[in-house]
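The values are calculated or read from the model by the stated rules, or taken from the named source; none is laboratory data. Here the structure is a predicted model, which is why all the values come from computation and not from measurement. Cβ placement follows ideal geometry from the backbone for every residue including glycine, while neighbour counts extend to all protein chains displayed. For the accessible areas, the whole protein counts, side chains as well, though only heavy atoms, and no ligand, DNA or RNA atoms are used. Shrake-Rupley method; radii C 1.70, N 1.55, O 1.52, S 1.80 Å.
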Amino acid sequence: TSGVVTVAFTVNADGKTSDYEIIKSVNPDLDNEAIRLIKKSGFWVAAVLNGKHVKYRNREEITFP
């Protein structure tokens, strides 16, 4: 199976991800794999507002060839 899954998630001030949501689905197996990849991707760089790290909502497209 191939396709593009779009996942929305929150990057917290400490760089950890949370609150995963599938925006564009291919099938449940690829959706779950896309969320697993985001969870395993490590720490992200948090947004900076007025010199302080803040959480923000991000969206990534993951392509499965």
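Can you list the chymotrypsin sites (Phe, Trp or Tyr not before Pro) in the chain that are in a DSSP coil and have 12 or fewer other beta carbons within 10 angstrom?
Phe43
Could you give the angle, 0 to 90 degrees to the nearest 10, between helix 28-40's Cα long axis and the longest principal axis of the Cα atoms of the chain?
The two axes meet at around 30 degrees.
How many Å² of accessible area per residue for the chain, probe 1.4 Å?
On a per-residue basis, the chain sits at 67 Å².
With a 1.4 Å probe and all protein chains left in place, how much of the accessible area of the chain comes from carbon and sulfur atoms, in whole percent?
51 percent
Quick check: net charge around Val45, other residues with Cβ under 13 Å of its Cβ, Lys/Arg +1 and Asp/Glu -1?
+1
Relative contact order of the chain: what whole-number percent is it, with Cα pairs under 8 angstrom and at least 6 residues apart?
Here the relative contact order equals 48 percent.
When you have a sec, figure out the Kirkwood radius of the chain from all distinct Cα pair distances and drop it here in Å to one decimal?
12.3 Å
Asn58 to Thr1: extension gain in nm, 0.36 nm per residue of separation minus the Cα-Cα distance?
Roughly 18.0 nm would be gained on extension.
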